[in-house]
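So that we are looking at the same thing, I have put the structure below in structure tokens.
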Amino acid sequence: MPNISQCWTIMRIKSLIRRWFGRSVIVVESSPEIYVADMTNRSQNTRGIEITDHQQPSPDGNGMMDSLVFHNPNILSVDFCIFDDHDFKHPYELRDDKHCEGCMYPTLHDPASWMVFVEIKDCKPRYIKEYRKEAKRQIFNAVKAFCRRKIILKERIYGIISCPRQHVAFNDSIFTDVYETTRLKRFTGIRYYATNEALIIDDLRVRPEI
């Protein structure tokens with residue numbers, strides 16, 4: 001059972017997300033494997049981001065759906081907030097701002113916990129480089145919006161860029177050199193990774209697989 005302090009923190013996170021991102025949907029999951037799939041392109045825009053405990057068939061009928069997978073051997077309960085396109089507004093203009101797909105964090109959350117912001121590019125591998133700047137910017141915009149609304153306090157922030165159709169390492173397609181992730185962490189506070197898998201260790205540690 002969470003203590004009083006944890007209960008307050010859990011309520012604070014969810015209350016602020018629902019206050020500022022009211023159209024977004026929070027999915028609670030606690031399975032050994034958590035699959036995050038972007039069905040948009042392959043369903044001709046009839047479906048979107050889906051969170052499941054199993055790999056789903058591709059909506060276009062071509063085999064199984066390529067997904068970002070979180071391995072969760074300790075069965076930690078997590079919340080995944082799927083962002084709505086109209087919840088993010090440009091800070092200086094009355095228009096929707098670009099953002100990533102969503103974020104995930106432990107259900108029993110406190111400021112020492114982690115938060116993972118996810119951007120999925122469901123494109124053919126040869127097109128990955130075309131999205132490198134956009135993907136990083138979309139994650140940055142979402143993190144900035146959370147910071148501005150005091151949803152993020154002292155959490156360890158990860159930005160995972162997933163290209164699930166790519167079945168080999170694709171760091172070189174996302175980052176310009178081996179030092180870019182260090183520079184990005186210094187200037188944005190975000191630990192960026194290009195990967196299709198991550199290991200949830202506990203409520204304080206998550207390890208993206210390179």
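The values are calculated or read from the model by the stated rules, or taken from the named source; none is laboratory data. Keep in mind it's a predicted model, so treat the numbers as computed, not measured. Don't worry about glycine lacking a Cβ; one is built from the backbone with ideal geometry, like all the others, and counts go over all protein chains shown. Just the protein is used for accessible areas: all its heavy atoms, side chains included, with ligands, DNA and RNA removed. Shrake-Rupley method; radii C 1.70, N 1.55, O 1.52, S 1.80 Å.
Identify all lysines with a Cα-Cα distance to Lys14 below 24 Å; exclude those on the same chain that are fewer than 8 residues away in sequence.
Leaving aside lysines fewer than 8 places away in the same chain, those within reach of Lys14 are Lys89, Lys98, Lys144, Lys150, Lys154.
Ok, one more. What's the local net charge at Pro106, with K and R +1, D and E -1, over the other residues with C-beta under 9 Å away? Walk me through the numbers before you get to the answer.
Numbers: positive: none; negative: Asp79, Asp110, Asp202, Asp203.
Cβ neighbours under 9 Å give a net charge of -4.
Continuing with this model, one more query. Can you tell me what share of the DSSP beta bridges in segment 96-210 is antiparallel? A percent to the nearest 5 is fine.
35 percent
Between exposed GluC sites (Glu not before Pro) in the chain, where DSSP calls loop and at most 14 other Cβ atoms lie within 10 Å, what's the longest gap? Can you show the working numbers first?
Details: sites that count: Glu93, Glu209.
With GluC sites (Glu not before Pro) excluded where exposed in loops, the chain gives 94-208 as its longest stretch.
Let me ask you something else. What is the gain in length, in nm to one decimal, between His90 and Ala112 on full extension, counting 0.36 nm per residue of separation less the C-alpha to C-alpha distance? Could the numbers behind the result be given before it?
Working: separation 22, 0.36 × 22 = 7.92 nm, distance 2.89 nm.
This chain segment gains 5.0 nm when fully extended.
In deg cm²/dmol and to the nearest 500, what is the mean residue ellipticity at 222 nm of the chain if only DSSP H runs of at least 4 residues count, each as -39500 (n - 2.57), divided by the residue total?
When only DSSP H runs of four or more count, the value is -7000 deg cm²/dmol.
For segment 7-49, which whole percent of the accessible surface, found with a 1.4 angstrom probe, sits on carbon and sulfur atoms?
In segment 7-49, the share of accessible area belonging to carbon and sulfur is 51 percent.
For His54 and Cys123, what is the calculated FRET efficiency with R₀ set at 25 Å and r taken between the beta-carbons, to the nearest 0.05?
My answer for the efficiency is 0.60.
Report the accessible area of Leu16, computed with a 1.4 Å probe over the heavy atoms of all protein chains in place, in Å² rounded to the nearest 10.
The accessible area of Leu16 comes to roughly 30 Å².
When the chain is modelled as a GNM with alpha-carbon springs shorter than 10 Å, which of Tyr179, Tyr158, Tyr92 fluctuates the most?
Residue with maximal mean-square fluctuation among Tyr179, Tyr158, Tyr92: Tyr92.
Whenever you get a sec, compute what percent of the accessible area on segment 152-200 sits on carbon and sulfur atoms (1.4 Å probe).
50 percent
What is the sum of charges around Thr176, taking Lys and Arg as +1, Asp and Glu as -1, for the other residues whose C-beta is under 11 Å from the C-beta of Thr176?
Once positives and negatives cancel, what remains is +2.
In addition: With a cut-off of 8 Å between alpha carbons and a minimum separation of six or more residues, what is the relative contact order of segment 1-134 in percent?
With pairs under 8 Å counted, the relative contact order is 24 percent.
Give the accessible surface of the chain per residue, rounded to a whole number of Å², with probe radius 1.4 Å and ligands, DNA and RNA excluded.
With all protein chains present, the chain gives 53 Å² per residue.
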